[in-house]
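Below is one structure; the comments refer to it alone.
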Amino acid sequence: MLDDNARASRQVAEKRPQLQISFEFFPPKTDAMEERFWDSVHKLAPLNPHFVSVTYGAGGSTRERTLRMVSRIKSETGVDAAAHLTCVGATRDEVDAVVRGYQEAGINRIVALRGDPPEGVGQPFTPHPEGYRNAAELVGGIRRIGDFDISVAAYPERHPQSPDWQSDIDNLKRKLDAGATRAITQMFFSNTDYLRYLERARAAGITAPIVPGIQPIHSFKQIAGFAGRCGASIPAWLSDRFEGLDEDPETHALVASAVAAEQVTELLDEGVTEFHIYTMNRSPLALSLARILGRRPATGEH
Ligand code: FAD
């Protein structure tokens, strides 16, 4: 057992130099949420992430807050920050103006998305008559404005609106061919889904990084609901592990940490070297995952 542990630690240490971790946050809506947001940012920033990103609310509802948070993260922590952007309910000119705003604020990373209709995830998407019709068009528009590092979304279980695998992978290829640098995946809980997706993408000639989006389960109830809405499935073994833990936060947290640790160590063994962690603006599980990936804060206070 000791030997196995020592070997595992050594493997992590050996892989450490090439490892890249990014963290995703969402713009806080209230003062209390803002406090937790900054607390998490300040705890995770010393881990030297590749970048952190801040999402863009439905219908552009968080435009100002996204820009404010991203700019402040960059100036306060020195960490590179990416602003998400969607094309929902806006003309091309309006979206381009947001891109120029990012550019003027010194933000050179964008996570470019189509977004979902205001009626909710899974409802048919109708582009604005003068807007970008999808993420691939948005990437092209951003590229025309400046030399941004652009990430796009990928779906190991297929986007719910993709009729088949071929169109899903074709769509990812269009986004990368339009000028995106990398893809970041939707959350997934079966590594096999991700590894098969990777194979499909590589077989289609896609060479860009497809970074796994890791969702630590701070609340199984909440994450399961969210996963259901965005087309990510919850395997039966995962529901079993969290069954009956709604009222037992300590055991829930320990199980969540073990589940996330298993997921990333398995991916490390498969040769994965980049991870995008969905923090939900909470630091504890993200911190423990980063530790498992061999990261220590630069200041050494943890
Ligand atoms: P696209 O890649 O444009 O397309 C999605 C689907 O539409 C395709 O799979 C295909 O079925 C269809 N489609 C697109 N183009 C064509 C075409 N030319 N012909 C035929 N069919 C087509 N949402 C937010 O609102 N804010 C965020 O900040 C945000 N961040 C995210 C970050 C990540 C890493 C991920 C994975 C998702 C994020 N989302 C966010 C959710 C995202 O907006 C939704 O999943 C949305 O439904 C699809 O966006 P997309 O960029 O993948 O769309």
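The values are calculated or read from the model by the stated rules, or taken from the named source; none is laboratory data. Please read these numbers as outputs of a predicted model, since none were measured by experiment. Neighbour counts are summed over all protein chains in view; Cβ atoms, including those assigned to glycine, are modelled from backbone coordinates with ideal geometry. For accessibility, only protein heavy atoms count, side chains too; no ligands or nucleic acids. Shrake-Rupley method; radii C 1.70, N 1.55, O 1.52, S 1.80 Å.
Details
- Placing +1 on each Lys and Arg Cβ and -1 on each Asp and Glu Cβ, with no other charges, gives the chain a dipole about its Cα centre of roughly 740 debye.
- Partner lysines for residue 221 [C-alpha distance under 19 Å; skip if fewer than 8 residues away on the same chain]: none
- Gap separating the Cα centres of the stretch 132-175 and the stretch 19-44, nearest whole Å: 26 Å
- Residue 30-residue 196 FRET efficiency (beta carbon distance; Förster radius 51 Å; 0.05 resolution): 0.80
- Under 15 Å of direct C-alpha separation, and excluding same-chain neighbours fewer than eight residues apart, residue 175 reaches these aspartates and glutamates: 137, 149.
- Excluding exposed DSSP-loop GluC sites (Glu not before Pro) (at most 15 other C-beta within 10 Å), longest clean stretch of the chain: 1-118
- For residue 43, the aspartates and glutamates whose Cα falls under 12 Å of its own Cα, not counting residues fewer than eight places away in the same chain, are 301.
- GNM flexibility winner over the chain from 33, 280, 187 (Cα, springs under 10 Å): 33
- Note on residue 204/residue 247: beta-carbon distance plugged into 1/(1 + (r/R0)^6) with R0 of 35 Å gives a FRET efficiency of 0.15.
- In the stretch 151-302, Cα pairs under 8 Å separated by at least six residues give a relative contact order of 23 percent.
- Förster radius 30 Å - calculated FRET efficiency between residue 240 and residue 270 (Cβ-Cβ, nearest 0.05): 0.80
- Residue-level accessible surface for residue 42, protein heavy atoms, 1.4 Å, Å²: 80 Å²
- Measuring with a 1.4 angstrom probe and ignoring ligands and nucleic acids, residue 292 comes out at about 50 Å² accessible.
- Per residue, the chain reaches -14500 deg cm²/dmol at 222 nm when only DSSP H runs of four or more residues are counted, each adding -39500 (n - 2.57).
- Percent accessible area from carbon and sulfur atoms, the stretch 18-292, protein chains only, probe 1.4 Å: 49 percent
- Prolate/oblate/rounded call for the stretch 38-128, Cα gyration tensor, a/c under 1.5 rounded: prolate
- Average accessible surface for the stretch 18-292: 44 Å² per residue, computed with a 1.4 Å probe over protein heavy atoms with every protein chain in place.
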